1. Once you sort the root eigenvalues of the Cα gyration tensor of region 99-167 as a ≥ b ≥ c, which label holds: rounded (a/c under 1.5), prolate (a/b larger than b/c) or oblate (the other case)?
2. For the pair residue 58/residue 39, report the inter-label distance in nm, with labels modelled 7 Å from Cα in the Cβ direction.
3. I need to check one value: relative contact order of the chain, counting alpha carbon pairs closer than 8 Å and at least 6 residues apart, in percent.
4. In units of 2.2 N^0.38 Å, what is the alpha-carbon radius of gyration of the chain?
5. Counting each DSSP H run of 4 or more residues in the chain as -39500 (n - 2.57), what helix-only mean residue ellipticity at 222 nm follows after dividing by all residues, to the nearest 500 deg cm²/dmol?
6. Going by average Cβ neighbours within 10 Å, how do the peptides 21-29, 165-173 rank, with the highest at the top?
7. When the scattering of region 18-60 is computed by the Debye formula from its Cα atoms alone, each counted once and equally, what is log10 I(q)/I(0) at q = 0.20 Å⁻¹?
8. Using only alpha-carbon positions, what ratio does the radius of gyration of region 1-90 give when scaled by 2.2 N^0.38 Å?
Ligand SMILES: [Zn+2]
């Protein structure tokens with residue numbers, strides 16, 4: 001299906017254009033072997049921004065807690081007579097590695113087991129595969145690695161599906177209770 005507004009191809013798992021639609025976009029199951037009883041809608045960019053905000057806070061707290069070990073390592077390294085310049089670059093490298101390791105572990109652990117991070121728990125959203133199945137650890141691993149593409153977040157300015165969704169074959173959705181469809185019909 002081609003979008004009438006932007007002329008881009010609408011992904012076959014969505015019922016409207018993720019670039020142009022202002023409404024909730026319904027998820028269309030591509031795989032009938034999975035549980036299709038739930039009605040999912042694409043999480044909009046406000047929910048995605050909130051997820052990012054809450055998860056970043058949690059990750060900063062985790063890094064702060066593990067920062068103690070960095071301090072321990074730093075003091076251990078200081079006991080050798082390493083020149084200060086080299087010592088600082090070693091510590092910076094360890095710090096960067098620790099940040100990458102902790103933040104990726106956070107996403108991989110929570111999204112593989114629960115399909116959601118703490119941010120996604122708060123906004124009631126979850127990660128699913130574009131065919132509707134639960135993501136595997138490999139899907140989540142790919143998704144997490146893609147988050148480290150520089151300026152990856154900018155891809156969300158163009159569409160409600162970012163690169164780390166598109167390229168990993170996953171999307172973020174929320175479940176919407178459709179029990180008010182009948183009551184709307186009875187009113188009219
Ligand atoms: Zn469009």
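1. Because its axes are fairly even, with a/c under 1.5, region 99-167 counts as rounded.
2. It is 2.8 nm.
3. Working: 219 pairs, mean separation 47.7, N = 188.
Answer for the chain is 25 percent.
4. Normalised Cα radius of gyration, the chain: 1.30.
5. After summing the helix terms and dividing by residue count, I get -16500 deg cm²/dmol.
6. 165-173, 21-29
7. Those come out to -0.77, one per q.
8. On the way: Rg = 24.2 Å, N = 90, 2.2 N^0.38 = 12.2 Å.
That ratio works out to 1.99.
All of the numbers you see were taken from the coordinates with simple rules; none came from a lab. Since the structure is predicted, the reported quantities are computational estimates derived from the model, not experimental observations. Methodologically, a virtual Cβ is constructed for each residue, glycine included, from the backbone with ideal geometry; neighbour enumeration extends over all protein chains shown.
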